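Participant: Have a look at this one before I ask anything.
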Amino acid sequence: MKRIAPIIISILLLFALTLPCFAFVETNGGVKVEFAFADEEKTIPLCDENGKQALIVIGYNDDMPTIRIPETVEMYDGDYYTVMYIAKYAFSQHEKATKAIIADTVVEIGESAFEGCDNLMKVTLPKGLKTLGMSTFRDCRLLRKVDLPDTLEKIGDFCFEGCTMLRTLKIPASVNEIGHHAFSKSESLILDV
């Protein structure tokens, strides 16, 4: 019994120390964030330019019509961390969202992050954005206004598919990859390349 007690205490202590790494925080604006990792096992942290672990947006309180992604969020340890990513499906199918304002610190918006947001009309993309994932705005039928930043490098497959109210979209010279059917079923869309 004397040998087992220290082992059990060590396991509990290890669990207690790692638990905060997987907890999420909800901001005053209803946005839910957690620490960002490069792998599903959550062993390789993604960091900002200062080497500090970055945050990823994982969802929000869907009662709010305007989604505001902040640049930084105070986490449980009292320190502020930079929001750099939006997760796959973070806002997918949220019908009450009409507008999204994304902080300039965000560099990547994940697959289907806003897919099927039927009432989303305007999105303010960050100035440092590099990647729009697959189906990011797919079937956002009321989306009318999106300005792509000069830092954007990739527009994923089906990214703007079914955005029937989107009329014009200027593709910046920085874009070096446009996915398959990125603008399909958006018949009224005129691309400025």
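Participant: In Å², what does the accessible area per residue of the chain work out to with a 1.4 Å probe?
Facilitator: Details: 10690 Å² over 193 residues.
Here the residues of the chain average 55 Å² of exposed surface.
Participant: Still on this model: Beyond 28 Å, what percent of the Cα pairs of the chain remain? It would help to have the intermediate numbers written out before the result.
Facilitator: Values: 5690 of 18528 pairs.
Summing the P(r) of the chain above 28 Å gives 31 percent of all pairs.
Participant: Follow-up question, since we're still on this one. So for MET165, MET75, MET121, what's the accessible-area order with a 1.4 Å probe, most first? Walk me through the numbers before you get to the answer.
Facilitator: Working: MET165 55, MET75 10, MET121 80 Å².
Per-residue accessible area, sorted high to low, gives MET121, MET165, MET75.
Participant: May I pose another question? Please state, as a whole number in µm²/s, the translational diffusion coefficient that the Stokes-Einstein equation yields for region 109-193 at 25 °C and 0.890 mPa s, with Rh defined as the Kirkwood radius across alpha carbon pairs.
Facilitator: On the way: Rh = 12.2 Å.
The calculation lands on 201 µm²/s.
Participant: Still on this structure, I have one more. Ordered by residue, what ³J(HN,Hα) values in Hz, to whole numbers, does region 175-192 give under the Karplus form 6.51 cos²θ - 1.76 cosθ + 1.60, where θ = phi - 60° and Gly and Pro are x?
Facilitator: With the stated coefficients, region 175-192 comes to 6, 10, 8, 10, x, 4, 6, 4, 10, 5, 6, 10, 4, 8, 6, 10, 8, 10 Hz.
Participant: What's the local net charge at LEU46, with K and R +1, D and E -1, over the other residues with C-beta under 10 Å away? Display every interim value, and only then the final one.
Facilitator: Values: positive: none; negative: ASP39, ASP48, GLU108.
With Lys, Arg at +1 and Asp, Glu at -1, the net is -3.
Participant: Relative contact order for the chain: what percent, with Cα pairs under 8 Å and sequence separation of 6 or more? Don't skip to the end; give the middle numbers.
Facilitator: Details: 522 pairs, mean separation 23.1, N = 193.
Normalised by residue count, the contact order of the chain is 12 percent.
Participant: Could you work out the local net charge near PHE137, counting Lys and Arg as +1, Asp and Glu as -1, over the other residues with Cβ closer than 9 Å to its Cβ? Present the calculation step by step, with values, prior to reporting the outcome.
Facilitator: On the way: positive: ARG138; negative: GLU115, ASP139, GLU161.
Result for the local shell: -2.
Participant: Extending each Cα 7 Å along its Cβ direction at SER174 and LYS42, get the distance between those two points in nm, one decimal.
Facilitator: Label at SER174, label at LYS42, 3.1 nm between them.
Participant: To the nearest 10 Å², what's TYR80's accessible area with a 1.4 Å probe?
Facilitator: Only protein atoms counted, so the area is about 120 Å².
Participant: Using a 1.4 angstrom probe and counting only protein chains, how large is the accessible area of ILE56 in Å², to 10?
Facilitator: 40
Participant: Under 5 Å between amide hydrogens, which residues at least 5 positions from ARG68 or on another chain qualify, with H placed 1.01 Å from N in the peptide plane?
Facilitator: Under 5 Å from the amide H of ARG68 lie the amide H atoms of ILE101, each far enough along the sequence or on another chain.
Participant: At 1.4 Å probe size, what's the solvent-accessible area of ASP104? Round to the nearest 10 Å².
Facilitator: We get 60 Å² for ASP104.
The values are calculated or read from the model by the stated rules, or taken from the named source; none is laboratory data. Worth saying up front: this structure is predicted, and the values here are computed from it rather than measured. Counting neighbours? That spans all protein chains shown, and the Cβs are built from the backbone with ideal geometry, glycine included. For the accessible areas, the whole protein counts, side chains as well, though only heavy atoms, and no ligand, DNA or RNA atoms are used. Shrake-Rupley method; radii C 1.70, N 1.55, O 1.52, S 1.80 Å.
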